[in-house]
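A.B. asks: This is the structure I want to talk about, given as structure tokens.
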Amino acid sequence: MTRSRTPQRWAATAFACLALSGIAVGAAGPAFADGNAALPTDNAFLRASHQGNLAEIAAGKDAQKNATTACVKHVGGVLVRDHTKLDAATKSLADKLGVDLPVAPTPEQQETLANVMKKAGTSAYDAAWLDAQAAAHEKTLARIDHQVSHGRNAEVTAAAKAARPVVAMHLGMVRGGTCREHAAEPKTIHAGNGGQAATALASDVPVLVAVPAVALGGLLVAGGAFWAANRIRRNDGR
């Protein structure tokens, strides 16, 4: 099912993002419920984490382009940098476990970003962006803590533990709708070893190392239409 809520004036932005990513537009995977009782674990956690990373990277890039304050632009860059690295670890572990990942954020995440993008060029953009990111990172922390408490796969749980301090740092930068350029920033982002919490120093990758942009192909589609839905296999752990 195709979702097309984006105003047509965003088509140019869509083409620009796709050109930068060099990856074709994909179709969206299934959304996950937000209620604590339905929080995902194991394989479903990996899928939700991947979708969250895609959403944060897209939001960060949009803030770098459309934010009106230096602080929000800076935080947007931090999200792109960190969630790119976190997503690399997520995809590595998913490949190892044979978990199919969605190729786009959830419909809710898409709609949230669309609502923020509508405010681009106005003084309301930064506040809307900060509020959206605070809510998103609170949900991510809840999902991580649920995995740590209830997950059955040790490797997935280790990956969740490794991601938590980074996500908590991001929340500290946007909490309460107030932008903070400096939070308790970790010196490294744990990339893990096939998703496991590695102990070797080589497994830790410096935050400041430049990382390539990940797929924005799931973010915006030509003609201003949002991502199309795509069926993925149902794996264990949903």
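The values are calculated or read from the model by the stated rules, or taken from the named source; none is laboratory data. Note that the coordinates shown come from a computational prediction; the quantities given were computed from them, not determined experimentally. Note: ideal-geometry Cβ built from the backbone for every residue, glycine included; neighbour counts use all protein chains shown.
A.B. asks: Taking segment 29-60 as the search range and keeping residues that are at pLDDT below 95 and touching a Pro at 6+ places or on another chain (Cβ under 6 Å), which one is surrounded by the fewest Cβ atoms within 10 Å (Cβ to Cβ)?
C.D. replies: This residue is A31.
A.B. asks: Okay, next question. Out of curiosity, is T122 farther than 19 Å from P165 by Cβ, in contact with an Asp or Glu (Cβ under 6 Å, 6 or more places away or on another chain), not aromatic (F, W, Y) and not in a helix (DSSP H, G or I)? Break it down stepwise before answering.
C.D. replies: Working: farther than 19 Å from P165 by Cβ: yes; in contact with an Asp or Glu (Cβ under 6 Å, 6 or more places away or on another chain): no; not aromatic (F, W, Y): yes; not in a helix (DSSP H, G or I): yes.
Judged against the criteria, T122 is not a match.
A.B. asks: Do you know which residues across segment 72-115 are surrounded by fewer than 23 Cβ atoms within 10 Å (Cβ to Cβ), more than 22 Å from L46 (Cβ to Cβ) and without any contact (Cβ under 8 Å) to a residue 60 or more places away in the chain?
C.D. replies: Within segment 72-115, K73, G77, N115 qualify.
A.B. asks: Select from segment 61-71 the residues that are surrounded by fewer than 23 Cβ atoms within 10 Å (Cβ to Cβ), in contact with a Gly (Cβ under 9 Å, 6 or more places away or on another chain) and among the aliphatic types (A, V, I, L, M) and list them in ascending order.
C.D. replies: A67 - this is the single residue of segment 61-71 that is surrounded by fewer than 23 Cβ atoms within 10 Å (Cβ to Cβ), in contact with a Gly (Cβ under 9 Å, 6 or more places away or on another chain) and among the aliphatic types (A, V, I, L, M).
A.B. asks: If I filter segment 56-93 down to residues being hydroxyl-bearing (S, T, Y) and assigned to a helix (DSSP H, G or I), which single residue comes out as farthest from the chain's Cα centre (by Cα)? If you could, list the steps in order and put the result at the bottom.
C.D. replies: First, the residues of segment 56-93 that are hydroxyl-bearing (S, T, Y): 68-69, 84, 90, 92.
Checking the rest, the ones that are also assigned to a helix (DSSP H, G or I) come to 84, 90, 92.
Working: T84: 8, T90: 11, S92: 16 Å.
If we take residues in segment 56-93 being hydroxyl-bearing (S, T, Y) and assigned to a helix (DSSP H, G or I), then S92 is farthest from the chain's Cα centre (by Cα).
A.B. asks: Taking G121 as meeting all but one of (1) on the phi < 0 side of the Ramachandran plot; (2) surrounded by fewer than 22 Cβ atoms within 10 Å (Cβ to Cβ), write down the number of the exception.
C.D. replies: (1)
A.B. asks: Something else: Pull up segment 123-148, narrow it to residues that are polar (S, T, N, Q) and in contact with a helix residue (DSSP H, G or I) (Cβ under 9 Å, 6 or more places away or on another chain), then point me to the one that is nearest to T69 (Cα to Cα). Spell out the reasoning first.
C.D. replies: Applying the first criterion (polar (S, T, N, Q)) to segment 123-148 yields 123, 133, 140, 147.
Adding the requirement that they be in contact with a helix residue (DSSP H, G or I) (Cβ under 9 Å, 6 or more places away or on another chain) leaves 133, 140, 147.
On the way: Q133: 16, T140: 25, Q147: 35 Å.
That would be Q133.
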